[in-house]
Amino acid sequence: MEFVIIPKDELNAVIKTAMLEALSCTNQVNIKLPPQYLTEAEAMEKIKVSRGTLLRLRKQRKIPYHRAGKRILYDENELREALRKS
């Protein structure tokens, strides 16, 4: 194993450059996670709102939802994106 000694400022510059390159790569790739469906109770807990607020947001079409028979489910990714946009 070989050790290299470099000044602190140079090390900070190398780290900063590497971080900026890594972050710029993630902005170019749109990673879509598989859907994670939440029940009404889980969605309320996730976004920290009451049942009434969740129903109002759904009725106003501010958050997307899916029907599975009589059940209402929320895709966690879509929910997060909708709240980020609003």
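The values are calculated or read from the model by the stated rules, or taken from the named source; none is laboratory data. Predicted, not measured: the structure shown is a model, and the values here were computed from it. Neighbour counts run over all protein chains shown; Cβ positions are idealised from the backbone, glycine included.
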Subset of segment 39-65, residues over 15 Å from LEU83 (Cα atoms) and either in contact with a Phe, Trp or Tyr (Cβ under 7 Å, 6 or more places away or on another chain) or among the β-branched types (Val, Ile, Thr) (or both), comes to THR39
PRO34 fails exactly one of (1) surrounded by 10 or more Cβ atoms within 10 Å (Cβ to Cβ); (2) at pLDDT below 90, namely (1)
Looking at segment 54-70 only, could you name the residues that are within 21 Å of the chain's Cα centre (by Cα) and in a helix (DSSP H, G or I)? LEU54, LEU57, ARG58
Against the condition surrounded by 10 or more Cβ atoms within 10 Å (Cβ to Cβ), at pLDDT 90 or above and assigned to a helix (DSSP H, G or I), how does LYS16 come out, does it pass? no
Considering only segment 71-86, I want to know if a residue exists there that is modelled with pLDDT of 90 or more, more than 21 Å from the chain's Cα centre (by Cα) and not aliphatic (A, V, I, L, M). yes
